[in-house]
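Notes follow the structure.
What follows is calculated from the coordinates using simple rules that are stated; it is not laboratory data. Just so it is clear, the model here is predicted, and its values are computed rather than measured. For neighbour counting, all protein chains shown are included, and Cβ atoms are generated from backbone atoms with ideal geometry for every residue, glycine included.
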Amino acid sequence: MARRRGRELVGRVITAFLVTVSLSVVCVGEGARRPACASARGELTVADLPAGSSVLDCLAVGRVVTHAGAGVAVPEPGTTVSVDALTADGSAHGFTLKVAADGTVSYAFEADDTDHTDRADHAGGTHPADRAEAAARARADAPAPCADGAYSTAGRKVYGTYKWFIGDDPLPGHLSREEARRAFEDAIATITTSRNDCGYDDTVRAKARYLSTTGNEAGIDQEARCTHRDGLSVWDAGDIGSEVVATTCSWSRPMRGHPEQLLEADVRFNTQDFPFTNRPSGGCTHAYDIRSVATHEAGHVFGLGHSGAGHENLTMYANSFACSTDARTLGKGDVLGLRSLY
């Protein structure tokens, strides 16, 4: 009897040990499914909040995450935020942060295929102005707009009508509210009607409508980072960093089996560091054409990405080039990109 009780006791101990080990393995396995997040205060980098981590576990919602000079505030679960900047030298400056419904983080980074080394060698330096000059010269070697079919899309689109506002702060080129409305409406219409000089008919089914001026501001800070979504798509102007000409911040949500649905898209022109004009003339030296820049930004609103180096003559190249009105109409790749979405 004593021996039997002893065997039963040993059996219960062994069973308890095995159960404990099994539970430990399960817990470790579940914990290993998500990368650890840093406990750093203030701003985060993508290394602090790695892909696969949880914004809920990391208490990251609302905190700014930065990458290669660009930044976004982490949105609530089930939301994607993208920052796309038009730069003075055409370099990539933007990325996308997606938060799944369960809080899991994923990223999409814009590849910077601009060869700054080669351009700097030819321009005689690495200063942004040298890179901008080299980018302008590279246009001569790039395909003509109607011969270049390159495009990229951002995985989102406008379903229905894009409804937008104009902010009540000073606007680019010292335009009045009415002048700005006409300029922006014309630029947005270039996208929604796929206006081009290449002979392509308009098959794009995209719509937009201006609503009014507003006291709300674009959710973009002084470092061209996407900071908040207030439900209004606002076009305005201000200070967004010395190398960024204009920025679009877009918020969207997943649509199963389809591009994401745009929720809001804000646009800001950098009037602190760059002059703008609505009528470039022969005397223009370094002012940016408002309609060209606005057309590029409207392309982002409706889901187009940057066309990249080697495609400098397309509207969606990441530089509209000072004093140039070329981006007021679309190239082949710009049209094909819109057709792929609409």
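For E260, the residues 5 or more places off, or on other chains, whose built amide H falls under 5 Å of its own are R156, K157, M255. Full extension of the segment from C284 to T45, taken as 0.36 nm per residue of separation minus the current Cα-Cα distance, would add 82.1 nm. Scalar couplings 3J(HN,Hα) for the range 96-102, obtained by applying the Karplus form with A = 6.51, B = -1.76, C = 1.60 to θ = phi - 60°, are 10, 10, 10, 10, 5, 4, 8 Hz; x denotes Gly and Pro. Available extension along the chain between R205 and S176 is 7.4 nm, counting 0.36 nm per residue and deducting the alpha carbon span.
With Cα atoms as the point set, the radius of gyration and Dmax of the range 138-198 evaluate to 15.8, 41 Å.
Each Lys or Arg adds one and each Asp or Glu takes one away; over the other residues whose Cβ falls under 9 Å from the Cβ of G94, this sums to -2. Here the range 282-325 is treated as a Stokes sphere of Kirkwood radius computed over C-alpha pairs; at 20 °C and 1.002 mPa s its diffusion coefficient rounds to 197 µm²/s.
What relative contact order, as a whole-number percentage, does the range 165-207 give when Cα pairs under 8 Å and 6 or more residues apart are counted? Computed over the range 165-207, the figure is 24 percent. The amide H of A88, built 1.01 Å from its N in the peptide plane, has V245 as neighbours under 5 Å, considering only residues 5 or more places off or on other chains. Amide H contacts under 5 Å for G94: E110, restricted to partners 5 or more places along the chain or on a different chain, H placed in the peptide plane at 1.01 Å from N. In the range 118-272, Rg over Rh equals 1.00, where Rg is the alpha-carbon radius of gyration and Rh the Kirkwood radius from pairwise Cα distances. Working note: Karplus 6.51/-1.76/1.60 with θ = phi - 60° gives the range 269-279 the couplings 8, 8, 8, 6, 10, 9, x, 10, 9, 9, 9 Hz, where Gly and Pro are set to x. Taken along the Cα-to-beta-carbon direction at a fixed 7 Å, the label points for R34 and E223 span 2.6 nm. The ellipsoid that matches the Cα gyration tensor of the range 229-309 has semi-axes, each √(5λ) in whole angstrom, of 28, 14, 10, with the longest given first. Within the range 232-292, antiparallel bridges make up roughly 60 percent of the DSSP beta bridges whose residues both belong there. Averaging 1/r over each pair of different alpha-carbon atoms in the range 261-342 and inverting the result gives 13.4 Å, the Kirkwood hydrodynamic radius.
With Cβ to Cβ distances under 15 Å as the rule, what net charge do the other residues near L232 carry (K, R +1; D, E -1)? Overall, the nearby charge balance is -3.
A DSSP coil position with no more than 10 other Cβ atoms inside 10 Å describes the following trypsin sites (Lys or Arg not before Pro) in the range 220-314: R256.
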